[in-house]
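The values are calculated or read from the model by the stated rules, or taken from the named source; none is laboratory data. Just so we're clear, the structure is a prediction, and the values are computed from it rather than from any experiment. Heads up, the Cβs are rebuilt from the backbone with ideal geometry, glycines too, and the neighbour counts pull from every protein chain shown.
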Amino acid sequence: MISILLKNFLKVVPWLIIGGLYLLIRFAGTHEVVDWGLSIYSLLMIWLSGAVLISLFFQLGDSLTLVPVFRKQSYGLIIILRVVVVFIGLLLLSLLSRFIAFFYGQIAFDDILPSWLQRLSEIPTLIVFLYLVLTTAVMSFN
């Protein structure tokens, strides 16, 4: 039982490192922060919840590839399936970040959905998506 928990925890560690490196590169030493980034606690919550959520979606994509229908497909299609599942997880994570910002009192409840839709079209959000999708594709080659 403990070995299963340790094994699953170790699957979250790479995503913690990936998310931490992105936050360090993106926000460390700059005065340019996003509206939900005013609090270090909200960034910490987004980092931890994001790593766990993306790890879960990566594992979900991994388990979907074990279904016999997908095992017979090409390896490229399996990687694309994993990337699509993680991309859906990224969409949910970005929505979760808006709820975390609301929880910490940094945005109003009425602004959650409009600000989320606005964030999806901004360049930094697209860069995060591209960064994590490419990371997912690279991690799928194990």
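Residue-wise test of (1) touching a residue at least 12 places away in the same chain (Cβ under 8 Å); (2) under 23 Å from Leu81 (Cβ atoms); (3) within 15 Å of the chain's Cα centre (by Cα).
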residue: Leu93; (1), (2), (3): yes, yes, yes
residue: Phe102; (1), (2), (3): no, no, no
residue: Gln106; (1), (2), (3): yes, no, no
residue: Pro114; (1), (2), (3): no, no, no
residue: Arg119; (1), (2), (3): yes, no, yes
residue: Pro124; (1), (2), (3): yes, no, yes
residue: Tyr131; (1), (2), (3): yes, yes, yes
residue: Thr136; (1), (2), (3): yes, yes, yes
Worksheet item: Of the conditions (1) among the polar types (S, T, N, Q); (2) within 23 Å of Leu10 (Cα to Cα); (3) touching a Leu at 6+ places or on another chain (Cβ under 9 Å), Gln106 fails just one. Which one is it?
Response: (2)
Worksheet item: Going by the structure shown, is Ile80 at pLDDT below 80, under 21 Å from Pro14 (Cα atoms), among the β-branched types (Val, Ile, Thr) and in a helix (DSSP H, G or I)?
Response: no
Worksheet item: Looking at (1) under 25 Å from Ser115 (Cα atoms); (2) at pLDDT 65 or above, which is the one condition that is false for Ile17?
Response: (1)
Worksheet item: When the stretch 74-89 is examined, which residues are found to be buried (at least 18 other Cβ atoms within 10 Å of the Cβ) and either closer than 17 Å to Val52 by Cα or under 13 Å from the mean Cα position of the chain (by Cα) (or both)?
Response: Arg82, Val83, Val85, Val86, Gly89
Practice prompt. Quick one: which residue in Gln118, Gln73 is at pLDDT below 80 and over 19 Å from Gly19 (Cα atoms)?
Written response: Gln73
